[in-house]
Amino acid sequence: MSKIPLPPAPGAAEHLGLALANSLVTLPGQELADELGTPEEATHWLVENELAPRDTALLPYCQNQLTTLRANVRSLLAAQVAGRPPKQSALEAVNRALSGIASAPLLHYSEDRGLFRAAEHPVTQLVEHAMAQIAEDTAALLTSDHSATLAQCEAAPCDRFLIRSHARRRWCSTRCGDRIRAARAYARRQK
């Protein structure tokens, strides 16, 4: 499992779009940590984010759909942070995910559970359902008051996104902040 060796970035626990975007991060030494690197890892990510039942097993095609959505979400977030217009292809991809299926779980009934809501689809439809939920969260985030507080970690090479909890926040984690402070201190001693 290619677990990101950092705590979740601020806002990622509350926003599926940020969590998906941050499922790929560049670590020091240009090492990539990718939580969607294999179908099994992508399945684990969906299950951990409560977007799929535990007995799900994604196919490589489904993993590819999820990583493609991640690239488009990252593109939209990067454009927002940089204050530039987003790529039309990224907008279209997120809109396709939004409108691909009804994102509301269906109402079911069983003798032992009574009424309950669940998404019961073949695996590819399950992934499309998860993608619709992620796209919905991303669209809501980018059009909310929080969009003004979106930032990208300033600790190179880290490329995670975060919601700034205060105006001076510049890093996604204490670890990234400590690394930059240590580099600055080292540079001052070298002068």
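Assorted remarks:
- Other-chain or far-sequence residues with amide H under 5 Å of A155's (modelled H): C172
- FRET efficiency for the A183 to A57 pair, using the beta carbon distance and R₀ = 41 Å, is estimated at 0.45.
- Cysteine residues of the chain whose C-beta has no other cysteine C-beta under 4.7 angstrom: C62, C176.
- With the simple model of a label 7 Å out from the Cα in the direction of the Cβ, R170 to R117 spans 4.3 nm.
- The figure for R84 is an accessible area of roughly 120 square angstrom, using a 1.4 Å probe on the protein chains alone.
- Kirkwood hydrodynamic radius of the stretch 1-86, Cα pairs, Å: 13.6
- Within the listed set S144, S110, S99, the Gaussian network model of the chain (springs between alpha-carbon atoms below 10 Å) gives the highest mean-square fluctuation for S110.
- Taking 7 Å steps out from each Cα toward its Cβ at S99 and K191 produces label points 5.6 nm apart.
- Ligands, DNA and RNA left out, the accessible area of the chain computed with a 1.4 Å probe is 53% carbon and sulfur.
- Where labels lie 7 Å past Cα in the beta-carbon direction, separation of L106 and E31 in nm: 4.5
- The stretch 117-188, accessible area per residue, ligands and nucleic acids excluded (1.4 Å, Å²): 53
- Computed E for L91/N64 - FRET, C-beta separation, R0 35 angstrom, nearest 0.05: 0.95
- Ranking T138, T149, T68 from most to least accessible surface, computed with a 1.4 Å probe over the protein chains only, gives T68, T149, T138.
- Global dimensions of the stretch 42-191 from alpha-carbon coordinates: Rg and Dmax equal 19.6, 75 Å.
The values are calculated or read from the model by the stated rules, or taken from the named source; none is laboratory data. Quantities reported herein were computed from a predicted structural model and do not represent experimental measurements. Every residue, glycine as well, gets a Cβ built from its backbone with ideal geometry; the counts of neighbours run over all protein chains shown. With ligands, DNA and RNA removed, areas are computed over all heavy atoms of the protein, side chains included. Shrake-Rupley method; radii C 1.70, N 1.55, O 1.52, S 1.80 Å.
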